[in-house]
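Here's the structure we're looking at; comments come further down.
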Amino acid sequence: MARIIDGTEISRVMRAEMAQQVAALLAVGVTPGLSVVLVGNNPASQAYVASKTRACETLGMRGQTLNLPEDVSKDELFAVIDRLNADPAVHGILVQLPLPAHLPYKAVLEHIHPDKDVDGFHPQNAGLAFVGDPRAFVPCTPAGIMEMIRREGISTRGKHVVIVGRSLIVSKPLASLLMAPGPDATVTLTHRHTPDLASFTRQADILIVAVGKQNLITADMVKPGVVVIDVGQNRIPDESSPRGYRMVGDVDFTGVSEKAEAITPVPGGVGPMTITMLLANTIQAARQLHESRGAQR
Ligand code: GUN
């Protein structure tokens, strides 16, 4: 039976470490501040955003949500981002995705000042991360997965990591982080057009699945002793739950955990780590801004 990689517990340890970093910034008069922009009222997005700002407040940071109507125009949204870009009390800006279809999400993400782009989705940060520059904001989910792997003592050097999915938010930055000097993994990226997916996943020493499809990975698709990181967040109807649904990942947890050495659960695996890394990026933004102000004097 696989060991469970407990993202909630790793997050608890990391947030205690980060509380000290926040205290050090408070001591020099800086309160790290995150502003989250939420367009419309998608219930899943509302829940994510509420947990992001709540997590800020529990660390002594400032967390603010700006709720804009579903039919907000691009110019109105840009004006809000302009205001946040200029506000010295705001260190991190996050526009919650997905956006309504009438808003050009790439242009919106590029409108956020790269120094405040704690999601790491601006092309400037994507480029800095790709070349391994420490000033980059690394997107929260890949950063959280790297922390989990490191803190669990899972060796990546020379290991074959197979990633299922090719998203800009998770898989592409993750591939670049894992193949870099230090982690030193051999990385294979697969996606919906990869023929015979199982022939790749069976080769994985570490299998990372970020697609959004329940039961995509079953026990016959993995080798014994694999480490599995399940990034999937799928809502499935469940009348026995008070909310009427429950969350499952992309991996058949019951079957695969019989063969795996270690596995992340859903919920309680990658999800809490993503929010923890958002807090870490906001602290990094506040520190970098504070240091650059000091350097200007
Ligand atoms: N929606 C789901 N996950 C994320 C995330 O990490 N960042 C943003 N901006 N939106 C999301």
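The values are calculated or read from the model by the stated rules, or taken from the named source; none is laboratory data. Keep in mind that this is a model prediction, so the values were computed, not measured. Heads up, the Cβs are rebuilt from the backbone with ideal geometry, glycines too, and the neighbour counts pull from every protein chain shown. Heavy atoms of the whole protein, side chains included, go into the accessibility calculation; ligands, DNA and RNA do not. Shrake-Rupley method; radii C 1.70, N 1.55, O 1.52, S 1.80 Å.
Can you tell me which residue among 236, 149 is among the aliphatic types (A, V, I, L, M), within 18 Å of residue 273 (Cα to Cα) and open to solvent by less than 40 Å² (accessible area, probe 1.4 Å)?
Values: 236 fails: within 18 Å of residue 273 (Cα to Cα).
149 is the lone residue from the list that is among the aliphatic types (A, V, I, L, M), within 18 Å of residue 273 (Cα to Cα) and open to solvent by less than 40 Å² (accessible area, probe 1.4 Å).
Scan region 225-258 for residues that are in contact (Cβ under 8 Å) with a residue 60 or more places away in the chain and either among the β-branched types (Val, Ile, Thr) or farther than 16 Å from residue 163 by Cα (or both) and report the count. Walk me through it before giving the result.
Looking only at region 225-258, we keep the residues that are in contact (Cβ under 8 Å) with a residue 60 or more places away in the chain, and these are 227-229, 231, 235, 250, 256-258.
Checking the rest, the ones that are also either among the β-branched types (Val, Ile, Thr) or farther than 16 Å from residue 163 by Cα (or both) come to 227-229, 231, 235, 256-258.
Of the residues in region 225-258, 8 are in contact (Cβ under 8 Å) with a residue 60 or more places away in the chain and either among the β-branched types (Val, Ile, Thr) or farther than 16 Å from residue 163 by Cα (or both).
In region 54-94, which residues are of a type in the set (Ser, Thr, Tyr), away from the ligand (no atom under 14 Å from the Cβ) and closer than 23 Å to residue 30 by Cβ? Outline the logic, then answer.
Just the residues of region 54-94 that are of a type in the set (Ser, Thr, Tyr), to begin with: 58, 65, 73.
Within this subset, residues satisfying the condition of being away from the ligand (no atom under 14 Å from the Cβ) are 58, 73.
Answer for region 54-94, where residues must be of a type in the set (Ser, Thr, Tyr), away from the ligand (no atom under 14 Å from the Cβ) and closer than 23 Å to residue 30 by Cβ: just 58.
Of all residues in region 248-283 being aliphatic (A, V, I, L, M) and out of contact with any helix residue (DSSP H, G or I) (no Cβ under 8 Å at 6 or more places or on another chain), which is nearest to residue 225 (Cα to Cα)?
Filtering region 248-283 for residues aliphatic (A, V, I, L, M) gives 248, 251, 256, 260, 262-263, 266, 270, 273, 275, 277-280, 283.
Checking the rest, the ones that are also out of contact with any helix residue (DSSP H, G or I) (no Cβ under 8 Å at 6 or more places or on another chain) come to 248, 251, 260, 262.
Numbers: 248: 22, 251: 15, 260: 5, 262: 8 Å.
Result: 260.
Which of the residues belonging to region 186-200 are open to solvent by less than 80 Å² (accessible area, probe 1.4 Å) and either within 15 Å of residue 257 (Cα to Cα) or assigned to a loop (DSSP other than H, G, I, E, B) (or both)?
From region 186-200, those open to solvent by less than 80 Å² (accessible area, probe 1.4 Å) are 186-191, 194, 197-200; that's our starting set.
Result: 191, 194.
Counting only residues that are within 16 Å of the ligand (Cβ to nearest atom), assigned to a loop (DSSP other than H, G, I, E, B) and open to solvent by 30 Å² or more (accessible area, probe 1.4 Å), which one in region 256-290 is nearest to residue 21 (Cα to Cα)?
267
Restricting attention to region 164-179, which residues are over 13 Å from the mean Cα position of the chain (by Cα), more than 15 Å from residue 125 (Cβ to Cβ) and open to solvent by less than 70 Å² (accessible area, probe 1.4 Å)? So that I can check it myself, show each step before the final result.
First pass over region 164-179, keeping only residues over 13 Å from the mean Cα position of the chain (by Cα): 164-166, 175-179.
Then drop every residue that is not more than 15 Å from residue 125 (Cβ to Cβ), which leaves 164-166, 175, 178-179.
Answer for region 164-179, where residues must be over 13 Å from the mean Cα position of the chain (by Cα), more than 15 Å from residue 125 (Cβ to Cβ) and open to solvent by less than 70 Å² (accessible area, probe 1.4 Å): 164, 165, 175, 178.
Starting from residues that are near the ligand (Cβ under 10 Å from one of its atoms) and touching a residue at least 60 places away in the same chain (Cβ under 8 Å), keep the ones in region 120-143 and report whichever is nearest to residue 210 (Cα to Cα).
That would be 141.
Would you confirm, using the coordinates I've provided, whether residue 131 is open to solvent by 30 Å² or more (accessible area, probe 1.4 Å) and under 17 Å from residue 34 (Cβ atoms)? Before you say what the answer is, go through the steps one by one.
Numbers: open to solvent by 30 Å² or more (accessible area, probe 1.4 Å): yes; under 17 Å from residue 34 (Cβ atoms): no.
Judged against the criteria, residue 131 is not a match.
Taking the residues in region 107-118 that are touching a residue at least 40 places away in the same chain (Cβ under 8 Å) and open to solvent by 10 Å² or more (accessible area, probe 1.4 Å) as candidates, determine which candidate is nearest to the ligand (Cβ to nearest atom). So that I can check it myself, show each step before the final result.
Here is the first cut: in region 107-118, the residues touching a residue at least 40 places away in the same chain (Cβ under 8 Å) are 115-116, 118.
If we keep only those that are open to solvent by 10 Å² or more (accessible area, probe 1.4 Å) too, we end up with 115-116.
On the way: 115: 17, 116: 13 Å.
It comes out as 116.
Find the residue count for region 20-53, including only residues that are within 16 Å of the ligand (Cβ to nearest atom) and more than 30 Å from residue 235 (Cα to Cα).
Of region 20-53, the ones within 16 Å of the ligand (Cβ to nearest atom) are 34-53.
Next cut, more than 30 Å from residue 235 (Cα to Cα) only: none.
So the answer is 0.
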